[in-house]
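Here is the structure we will look at, set down as structure tokens.
Just so you know, all these numbers are worked out from the coordinates, no wet-lab data involved. Keep in mind that this is a model prediction, so the values were computed, not measured. Quick reminder, even Gly has a Cβ in these numbers, built from the backbone with ideal geometry, and neighbours come from all protein chains shown.
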Amino acid sequence: MNGVWKLTSNSSYFWGISTMHHEREHFTLLNDYTWSFSFNFDGKAAESRLHLKPVPGRHWRWIRSTDRDSESLTYDPATEETWIGYEGSSSIRRYSPRLGRQVGWVAPPLMRRWPENAGPEAMVRLADGRFIVFSEEADGPQSSHAAVMFPGDPVLNPRSGTEFFYRPPPGYDATDAAQLPDGRVLVLNRHFSLLDGLSAALTLVDPRDIAPERIVDGRIVAILAAPLTVDNMEALSVERSKAGKVVIWIMSDDNFNPLQQTLLMKFTLDPAQIR
């Protein structure tokens, strides 16, 4: 681990972080109420200027609705467009660069059966243009959760897609996902129980293993638990450093609870270490 930081802000909107994207020391975060936050952080500065704004579209305020709970985010570096998954409505919206405006919306048929509070919790756009979307808790066979792989942008072709099932480690649920440089997908999973508290697990999924109705197991590569300082770990971003290392960023969601924290963790690994 390179470091762990506790993030705070004078803004009353800065809480409930559910997903993020990091690129060249620039962070873009989303919270559960569809507010976006952006700032630069190099792992050293004690303070950074925070830019915040509501995501364009319907301008929700404080009344929670199924069209408002933003839980997942993915990004196309070529076009700089962003896709956001909304948990309550199991829908996906596409946005122009820098979240300037909404340019598309869809509720894919393969996701309509997902429970209201267990929709697209994790979503990743692969380098080849395919999308993988993981439900948080939608029941599947043998302790698995429903997921969908789309052959391209789901906003353009929502009726396409392959339904499969992702099986997280026992007691865990997927909360975010990102693609590694070698093409595999790293999945962040969280666990909470009154008996053993909070922990997180990082698992690997190979897109080549995905097939219709197949159960794909998440293979554990790391467990984050006490004595490490952990919280409700929900957001994940992966990038390659200039030295060729894999940089993994993980952030927690404080659930709007003053007893919890917004933590940011950084790990740097040699690609050969991720087996």
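For the chain, what is the percent of antiparallel DSSP beta bridges, rounded to the nearest 5?
On the way: 82 of 85 bridges.
So the antiparallel bridges in the chain amount to around 95 percent.
Taking Lys266 as the anchor, which lysines have their alpha carbon closer than 24 Å to its alpha carbon, excluding any fewer than eight residues away along the same chain?
Counting by Cα, and skipping residues close in sequence, Lys266 has these lysines nearby: Lys6, Lys44, Lys242, Lys245.
For region 62-137, run through the GluC sites (Glu not before Pro) and keep only the ones in DSSP coil with at most 15 other Cβ atoms within 10 Å of their Cβ.
Details: sites: Glu71, Glu80, Glu81, Glu87, Glu116, Glu121, Glu136, Glu137; in loops: Glu80, Glu87, Glu116.
Listed in order of number, the matching sites are Glu80, Glu116.
Normalized C-alpha radius of gyration of the chain, against 2.2 N^0.38 Å?
Values: Rg = 17.2 Å, N = 275, 2.2 N^0.38 = 18.6 Å.
With N residues counted in the chain, Rg over 2.2 N^0.38 Å equals 0.93.
Output ³J(HN,Hα) for region 109-124: one whole-Hz value per residue in order, computed from phi by the Karplus curve 6.51 cos²θ - 1.76 cosθ + 1.60 with θ = phi - 60°, and x for Gly and Pro.
Working through the residues one at a time gives x, 5, 10, 5, 7, 5, x, 4, 9, 9, x, x, 6, 9, 8, 9 Hz.
Label-point separation (nm) for Ile220 and Asn40, each offset 7 Å from Cα along Cα-to-Cβ?
Each label point lies 7 Å from its Cα, and together they span 4.1 nm.
Out of Met265, Met233, Met123, any idea which swings most in a Gaussian network model of the chain, alpha carbons joined below 10 Å?
Its mean-square fluctuation being the largest, the pick is Met265.
May I ask you to derive the FRET efficiency for Leu259 and Glu25 from their Cβ-Cβ distance with R0 = 35 Å, giving the value to the nearest 0.05? Before the final figure, lay out each step's value.
Working: r = 30 Å, r/R0 = 0.87.
The computed FRET efficiency comes out at 0.70.
Once amide H atoms are built 1.01 Å from N in the peptide plane, which residues 5 or more positions from Ile17, or in another chain, come under 5 Å H to H?
So Ile17 has HN proximity to Asp254, Asn255.
Which of Ile220, Ser199, Ser143 sits closest to the plus end of the dipole of region 96-244, meaning its Cα is farthest towards the positive end, when Lys and Arg get +1 and Asp and Glu get -1 on the C-beta?
Selected residue: Ile220.
By how many nm would the segment from Tyr13 to Val103 lengthen if fully extended, with 0.36 nm per residue of separation less the alpha-carbon distance? Numbers along the way, then the final one.
Working: separation 90, 0.36 × 90 = 32.40 nm, distance 2.50 nm.
Residue separation times 0.36 nm, minus the Cα-Cα distance, leaves 29.9 nm.
Per 0.36 nm of contour for each residue apart, how much would the distance between Val247 and Arg275 grow if the chain were fully extended, relative to their Cα-Cα spacing? Kindly include the intermediate steps, with their values, before the conclusion.
Details: separation 28, 0.36 × 28 = 10.08 nm, distance 1.53 nm.
Result: 8.5 nm gained on full extension.
Only four residue types carry charge here, +1 at the Cβ of Lys and Arg and -1 at the Cβ of Asp and Glu. Report the dipole size of the chain about the Cα centre in Debye, rounded to the nearest 20. Display every interim value, and only then the final one.
Values: 29 positive and 34 negative charges, 130 e Å.
So the dipole magnitude of the chain works out to roughly 620 debye.
Just check region 125-275 against the gyration tensor rule for me: Cα atoms, a ≥ b ≥ c as the square roots of the eigenvalues, rounded for a/c under 1.5, and otherwise prolate or oblate depending on whether a/b exceeds b/c. Could the numbers behind the result be given before it?
Working: a/c = 1.73, a/b = 1.25, b/c = 1.39.
Verdict is oblate for region 125-275.
Any idea what the dipole of region 120-213 comes to, in debye rounded to 20, about its Cα centre with Lys/Arg Cβ at +1 and Asp/Glu Cβ at -1? Intermediate results must be reported in sequence, preceding the final value.
On the way: 7 positive and 14 negative charges, 44 e Å.
Charge dipole of region 120-213: 200 debye, to the nearest 20.
For the chain, modelled as a Gaussian network with Cα springs under 10 Å, which listed residue fluctuates most, Ser160, Ser199, Ser11?
The residue with the greatest mean-square fluctuation here is Ser11.
Return the loop-located trypsin sites (Lys or Arg not before Pro) in region 82-160 (DSSP other than H, G, I, E, B) with at most 15 other Cβ atoms within 10 Å of their own Cβ; answer none if there are none. Intermediate values should be presented prior to the final figure.
Details: sites: Arg93, Arg94, Arg98, Arg101, Arg112, Arg113, Arg125, Arg130, Arg159; in loops: Arg101, Arg112, Arg113, Arg130, Arg159.
Sites meeting the loop and neighbour criteria: Arg101, Arg112, Arg113, Arg159.
Sorted from largest to smallest, which semi-axis lengths in Å does the alpha carbon gyration tensor of region 190-252 give for its equivalent ellipsoid, taking the root of 5 times each eigenvalue?
On the way: eigenvalues 111, 83, 17 Å².
Computed over region 190-252, the values are 24, 20, 9 Å.
Rounded to the nearest Å, what's the spacing between the alpha carbon centres of region 230-274 and region 64-141? Just the number, please.
Result: 20 Å between the Cα centres.
For region 15-273, with the dipole built from +1 on Lys and Arg beta-carbon atoms and -1 on Asp and Glu ones, taken about the Cα centre, which of Ser36, Thr19, Thr175 lies farthest toward the positive end?
Of the listed residues, the answer is Ser36.
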